[in-house]
Amino acid sequence: MSEGPTRRLLVVGATGNIGTELVREALKASSPFTHVRALARDTSKISHLGSSEGSSNRLELVDCNAYDVDGLDAACKDVDSIVCAYRGVPNLALDAQLLLMRVAERRGVKQMILASWNYDVTKIKLGDHEPYDAYVSILAQTEFIPNLKVLFVVSGVFFDVLWWFGIWKAEKGHFETFGTGDEVWKLTSREDAARFSIEALRDRNRSGIVHIASEQLSLNDISKLVAEVREGSADKAKPVKSLGSADDCHVEFVRTREELGKPRYLEYAWLGYVYYTITGKWDFEATDNAPLLEGAASPWQLSKLKDYIIENPDAIDHPPEKVQ
């Protein structure tokens, strides 16, 4: 554990995929935090994280609903930093997160990482891409809270979310999507996202956008990784089957949005992700990788997508269902 004054971190949404990783990283001896308070509806799911050596007296579990103002108020007491790990759905990423931010302001919390870990939301506007509308809106609200230092972590696409888009056709063994397949995607493991997030909070005065990524790969590069893992040779990779140009993608994006309506945005959101990625409209450089790694009390090796493919074969062929 780092020497120095007591630092208390509140992780909200602590039992989700990224939330669990955040709690795990915050409890490490190299973490800047001396106490970690984890909040979720049912924290029994992560109670095992406090059983590791040196963590039992540092982890506090709080069961609380996202809309329980009294519960949130109590959870924010004596906390200097918050990481919000709410899922990216409007009622949590916008409604509940705004409520949390108001409570944090009232309690005098000094620093907060918003639910984020995606492409550069500052490069698009409200209405461009439904899954990001909540983030565009919440970032605008932070300007009205001058005493809360707010961070937003830009990290591209999570390793596992790439397959959720549905552009990988397992039965055919190739990607089917718009573009050439050579456009570069920024990708990050949930573990690296958590590590970088905790490191970003080491500086108590830090605020603003944090740009990080584990790897930068094209879909054709990723196809070669899959072939190398599954067939023993990258030469057996099947190239991306193109469904058309970036302009074709945008036309289909607009058409499907009009046909289905925004309440069914998850059915066409993949078109937005592909369009903004292959055009580079929300691209970024991972400029915070090096300084955060160099400043870490315990530096680490960045994750590799190839290792994820090896360790999660079922997740690639059978990604999670799109739940509205």
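Take the Cα coordinates of the stretch 280-324, assign each an equal point scatterer, and use the Debye formula without solvent to give log10 I(q)/I(0) at q = 0.20 Å⁻¹.
-0.89
Mind ranking 172-179, 72-79 by how tightly packed they are, going by the mean number of other C-beta atoms within 10 angstrom, highest first?
So the order, starting with the most tightly packed, is 172-179, 72-79.
Apply the Debye scattering formula to the stretch 1-156, with a single equal point scatterer on each alpha-carbon and no solvent, then give log10 I(q)/I(0) at q = 0.12, 0.15, 0.19 Å⁻¹.
Rounded to two decimals, the profile gives -0.49, -0.76, -1.18.
For the stretch 49-130, rounded, prolate or oblate, judged on the Cα gyration tensor with a ≥ b ≥ c (square roots of eigenvalues), a/c < 1.5 rounded, else prolate if a/b > b/c? Numbers along the way, then the final one.
Numbers: a/c = 2.12, a/b = 1.62, b/c = 1.31.
Here the stretch 49-130 falls in the prolate category.
Considering only 99, 187, 114, give the residue with the highest GNM mean-square fluctuation for the chain, with springs between Cα atoms whenever their separation is below 10 Å.
99
In debye to the nearest 20, how big a dipole does the chain give about its Cα centre with +1 on each Lys and Arg Cβ and -1 on each Asp and Glu Cβ? Present the calculation step by step, with values, prior to reporting the outcome.
Working: 38 positive and 48 negative charges, 136 e Å.
Dipole about the Cα centre, nearest 20: 660 debye.
Expressed in nm to one decimal, what extension gain is obtained for the pair residue 110 and residue 264 from 0.36 nm per residue of sequence separation less their Cα-Cα distance? It would help to have the intermediate numbers written out before the result.
On the way: separation 154, 0.36 × 154 = 55.44 nm, distance 3.72 nm.
Full extension from residue 110 to residue 264 adds 51.7 nm.
Using only Cα atoms, find the angle between the long axis of helix 17-26 and the longest principal axis of the chain, and express it within 0 to 90 degrees, rounded to the nearest 10.
Tilt of helix 17-26: around 40 degrees.
When N counts the residues of the stretch 89-245, how does its alpha-carbon radius of gyration compare numerically with 2.2 N^0.38 Å, as a ratio? Present the calculation step by step, with values, prior to reporting the outcome.
Numbers: Rg = 18.7 Å, N = 157, 2.2 N^0.38 = 15.0 Å.
For the stretch 89-245, the normalised Cα radius of gyration comes out at 1.24.
What ranking of 39, 27 emerges when the number of other C-beta atoms within 10 Å of each C-beta is taken as an exposure proxy, fewest first?
27, 39
By how many degrees, 0 to 90 and rounded to 10, does the Cα axis of helix 219-231 deviate from the longest principal axis of the chain?
That works out to roughly 90 degrees.
Treat each spin label as a single point 7 Å out from the Cα along the C-beta direction, and report the residue 231 to residue 255 distance in nm.
Using points 7 Å along Cα→Cβ, the separation is 3.1 nm.
Using only the alpha-carbon atoms of the stretch 165-324, report the extent along each of the three principal axes, biggest first, to the nearest angstrom.
Result for the stretch 165-324: principal-axis Cα extents of 48, 42, 27 Å.
What's the exposure ranking of 94, 201, going from fewest to most Cβ atoms within 10 Å? Intermediate values should be presented prior to the final figure.
Working: 94 20, 201 24.
By the 10 Å Cβ count, ascending, the order reads 94, 201.
Under a GNM of the chain (C-alpha, springs under 10 Å), which listed residue has the highest mean-square fluctuation: 140, 104, 40?
Answer for the Gaussian network model of the chain: 140.
Separation between the residue 242 and residue 180 pseudo-spin-labels, each 7 Å from Cα along Cα→Cβ, expressed in nm?
0.8 nm
Over 22 Å between Cα atoms: which of 123/186; 169/281; 110/304; 123/304; 186/304 fall into that group? Don't skip to the answer; put the middle values down first.
Details: 123/186 15 Å; 169/281 26 Å; 110/304 34 Å; 123/304 27 Å; 186/304 12 Å.
From the list (123/186; 169/281; 110/304; 123/304; 186/304), the Cα-Cα distance tops 22 Å for 169/281; 110/304; 123/304.
With charges only on Cβ, +1 for K and R and -1 for D and E, what is the dipole size of the stretch 215-306 about its Cα centre, in debye, rounded to 20?
Numbers: 12 positive and 15 negative charges, 73 e Å.
Result for the stretch 215-306 is approximately 360 debye, rounded to the nearest 20.
Of 189, 47, 31, which is the most mobile in a GNM of the chain whose springs link Cα atoms less than 10 angstrom apart?
47
Note the angle between two axes, namely the Cα long axis of helix 130-142 and the longest principal axis of the Cα atoms of the chain, as a number of degrees from 0 to 90, rounded to the nearest 10.
30 degrees
Only the coordinates and a few stated rules stand behind these numbers; no lab work does. The structure displayed is predicted, hence computed values, not measured ones. So basically every Cβ, Gly included, is an ideal-geometry build from the backbone, and we count neighbours across all protein chains shown.
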